[in-house]
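Right, I'll just put the structure down here and ask away after.
The values are calculated or read from the model by the stated rules, or taken from the named source; none is laboratory data. Here the structure is a predicted model, which is why all the values come from computation and not from measurement. Here Cβ is always computed from backbone atoms with ideal geometry, including for glycine, and neighbour counts include all displayed protein chains. Just so you know, the surface numbers come from the protein's heavy atoms only, side chains and all, with ligands and any DNA or RNA stripped out. Shrake-Rupley method; radii C 1.70, N 1.55, O 1.52, S 1.80 Å.
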Amino acid sequence: MALARGLRYTKRIRFIGAESVMETYKMYIDGEFVDAENGDRNDSINPFNGEAIASIPRGGAADVNKAVAAARKAFDHGPWPRMTGEERSELIGKAAALLKERMKDYAKLESLDSGGTINKTGADAFLASRQLAFFGEQAKRFNEEAEPIDGMMREGRSFNYTIREPMGVCAQIIPWNFPYMMAIWKLGPALATGNTVVLKPASDTPVMALELARVFDEVGFPPGVVNIISGPGGVIGEALTTHPDVDKVAFTGSTEVGREIMAKAAGTLKKVTLECGGKGANIVLDDADLDIAIDGSIWASYYHQGQVCESGTRLMLDANGHDDFVEQMVEKLNAMTMGDPLDPATQLGPVVSQAQMKSVLEYIEIGKNEGALLACGGGQATGGDLDKGAFVQPTLFTGVNNQMRIAREEIFGPVLGVLKYDSVDDAIEMANDSIFGLSAGVWSSDIDKAKNVASRLRSGTIWINEWHMLSERSPFGGYKQSGVGREFGDEGLHEYTEMKTLYVDDAKTRDNKPWYDMVVARPKSDA
């Protein structure tokens with residue numbers, strides 16, 4: 001059955017050298033590949049050269065209603081939530097195996113759609129297959145097995161247990177910066193724990209999510225378990241977050257949109273997990289290894305053109321070592337290679353779209369107007385192949401204070417602000433003076449000192465002498481307005497479950513019941 005279903009969509013995007021053949025995608029609802037109800041379509045654009053790489057359905061509220069109805073039916077009446085964990089694990093594992101087989105093609109496709117360098121998207125493709133395999137293994141743990149409650153097991157009185165059960169229909173909204181991996185981050189734990197899903201990719205980068213629909217169909221997931229719809233975020237996002245048959249909303253994106261989702265989900269008291277914005281404080285202590293700290297700070301801030309929520313976008317340097325650090329960093333930034341993302345020699349590709357490039361360039365102007373000093377970069381990168389793309393020069397500001405907008409707002413581009421500190425206490429105070437608390441980092445040759453600094457930082461993930469290292473086994477999420485809940489680890493899996501408590505009576509006779517004296521009339525005393 002799975003093979004027969006998969007044969008309908010064996011045609012995949014084809015590559016001829018660095019060129020791609022235009023692909024036409026459909027949405028995936030209730031086990032069928034369908035066009036949008038309104039018939040509308042958009043092209044997905046390669047940010048390197050402005051060329052269309054795929055035709056994408058532009059769905060709306062009617063498509064949301066169909067997808068949610070399919071997911072609701074699959075959860076309430078279908079086999080998926082009633083399968084054993086081993087059965088779910090087998091199907092998820094088969095999907096992960098296909099992702100592993102197709103890593104090279106998916107890395108190229110992700111690069112064309114998002115502008116990520118092939119080195120970055122190659123890692124993404126490897127991690128996506130590994131992460132989905134991990135979630136498949138975790139599915140074996142969720143068999144509705146009762147867990148005794150310590151201290152609440154009284155022989156002859158009662159046994160008390162908890163059970164974790166799937167939450168229901170989960171709406172999942174993912175961003176454009178890591179479209180492939182973010183789809184796996186959302187789908188994996190929801191499916192492992194027995195939920196059904198409606199996934200909405202970002203309008204700028206929908207291709208890999210729609211490609212994943214083909215994988216789940218080919219493997220033979222029951223109809224309605226996975227539904228993937230594309231279209232404008234405002235329309236589809238609002239329809240999903242307010243829909244009465246959606247039990248949970250999981251969102252990754254900006255804090256501004258996260259607030260809106262939380263407010264709209266409140267109307268039906270939906271469970272929400274939100275992984276939102278960040279403005280990571282990157283603190284270099286005066287005893288740090290400069291070679292490692294300089295290169296590591298470039299990695300922390302400019303990886304994927306700075307389009308990473310947990311990037312280290314506020315670089316905090318000790319006043320005494322500030323000038324030497326900046327000088328060496330600028331020299332390295334000016335030598336970075338920009339170009340075709342499919343060329344392995346490219347270190348910096350384009351940002352995701354022309355609109356995002358415009359936004360980043362506007363922030364650079366804001367920084368200059370606020371009085372920050374431009375140490376390098378500061379404009380659109382042009383010349384040769386760069387002319388057609390959305391390229392921004394790697395930009396570094398000095399003279400930044402923590403009240404400037406470029407130090408307080410998420411830019412999501414290759415722009416780094418350097419803040420000078422006189423004491424470690426000053427650096428910690430600046431780091432915590434933010435509405436965000438997603439990530440931070442400390443560079444030092446003294447690990448104990450670095451750990452002490454880390455203990456005082458209000459962030460969900462803190463790296464010491466490293467950055468961007470995340471694992472599917474370790475919880476990830478933010479403090480303050482960087483989010484609600486966690487992804488990855490046991491905590492991330494539990495975000496997709498409801499906790500049920502069972503009280504099992506063990507009193508064999510009526511007179512052993514705790515309510516006996518209140519309910520049953522005892523004989524009156526002769527006294």
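Taking H placed 1.01 Å from N in the peptide plane, check which residues at least 5 places from Ser158 or on another chain put their amide H under 5 Å from its amide H.
Amide H neighbours of Ser158: Asp506.
Oh, and also: Output wanted: per-residue J couplings in Hz (rounded whole) for segment 257-270, from phi through Karplus 6.51 cos²θ - 1.76 cosθ + 1.60, θ = phi - 60°, x for Gly and Pro.
Along segment 257-270, the couplings run 5, x, 4, 5, 5, 4, 5, 6, 5, 5, x, 10, 6, 5 Hz.
Please work out the ratio of the alpha-carbon Rg of segment 196-300 to 2.2 N^0.38 Å and round it to two decimals.
1.48
Take the alpha-carbon positions of the chain, form their convex hull, and give its projected area averaged over all directions (one quarter of the hull surface) in nm².
That works out to 31.0 nm².
Also, I was wondering about something else. For segment 499-510, what does the Karplus curve 6.51 cos²θ - 1.76 cosθ + 1.60, with θ = phi - 60°, yield as ³J(HN,Hα) per residue in whole Hz, taken in order and with x for Gly and Pro?
9, 10, 9, 10, 10, 10, 5, 10, 7, 7, 10, 5
A further question on this structure: If amide hydrogens are placed 1.01 Å from N in the peptide plane, which non-local residues have theirs closer than 5 Å to the one on Ala250?
Residues meeting the criterion, in which the H sits 1.01 Å from N, are Ala171, Gln172, Ile173, Thr273.
How large is the charge dipole for segment 215-263, taken about the Cα centre, if only the Cβ atoms of Lys, Arg (+1) and Asp, Glu (-1) carry charge, to the nearest 20 debye?
120 debye
So, for the chain, what is the accessible surface per residue at a probe of 1.4 Å, expressed in square angstrom?
Ligands and nucleic acids excluded, the result is 42 Å² per residue.
So for the chain, taking the charge dipole from beta-carbon charges (+1 Lys/Arg, -1 Asp/Glu), which of Tyr503, Tyr302, Leu127 sits furthest toward the positive end?
Tyr503
May I ask you to give the percent of accessible area on the chain that is carbon plus sulfur, with a probe radius of 1.4 Å?
Answer for the chain is 50 percent, counting heavy atoms of protein chains only.
Got a sec to turn the phi values of segment 414-427 into Karplus ³J(HN,Hα) couplings, 6.51 cos²θ - 1.76 cosθ + 1.60 with θ = phi - 60°, whole Hz, x for Gly and Pro?
Whole-Hz 3J(HN,Hα) from phi for segment 414-427: x, 10, 10, x, 9, 10, 9, 10, 9, 9, 4, 4, 4, 5.
Largest first, please: the extent of the C-alpha atoms of segment 125-176 along each principal axis, to the nearest Å.
56, 23, 16
What's the percent breakdown of Cα-Cα distances in segment 111-261 across 5 Å bins, shortest bin first?
Reading the bins upward from 0: 2, 8, 16, 19, 17, 13, 9, 5, 4, 3, 2, 1, 0, 0.
For segment 381-471, report the convex hull volume of the alpha-carbon atoms normalised per residue, in Å³, without decimals.
Spread over its residues, the Cα hull of segment 381-471 gives 148 Å³ apiece.
Given Cβ point charges of +1 (Lys, Arg) and -1 (Asp, Glu) and nothing else, what value in debye, to the nearest 20, does the dipole of segment 454-527 about its Cα centre take?
300 debye
Give me, ordered by chain and number, the residues 5 or more places off Trp463 or on other chains with an amide H under 5 Å from its own placed amide H.
Ala440, Gly441, Val442
Local charge sum around His468 (other residues, Cβ-Cβ under 11 Å, Lys/Arg +1, Asp/Glu -1)?
Computed value for this residue: -1.
Rounded, prolate or oblate for segment 328-375? Axes are the square roots of the Cα gyration tensor eigenvalues, ordered a ≥ b ≥ c, and the cut-off for rounded is a/c under 1.5.
Note, shape of segment 328-375 comes out oblate.
Please quote Rg/Rh for segment 254-307 to two decimal places, taking the Kirkwood radius as Rh and restricting both calculations to Cα atoms.
Radius of gyration over Kirkwood radius for segment 254-307 works out to 1.26.
Can you give the local net charge around Lys73? Use residues other than it whose beta-carbon is closer than 13 angstrom to its beta-carbon, Lys and Arg +1, Asp and Glu -1.
Values: positive: Lys66, Arg72; negative: Asp30, Asp76, Asp245.
So the surrounding residues net to -1.
Quick one: longest stretch of the chain between exposed loop GluC sites (Glu not before Pro), exposed meaning at most 11 other C-beta atoms within 10 Å and loop per DSSP?
The longest uninterrupted stretch comes out as 156-527.
Among Leu210, His243, Asn195, which residue has its Cα positioned farthest towards the positive end of the charge dipole of segment 185-249, with +1 placed on the Cβ of Lys and Arg, -1 on the Cβ of Asp and Glu, and the dipole taken about the Cα centre?
Asn195
Under the classification rounded if a/c is under 1.5, otherwise prolate if a/b is larger than b/c and oblate if not, where does segment 148-192 fall, given a ≥ b ≥ c as square roots of the Cα gyration tensor eigenvalues?
prolate
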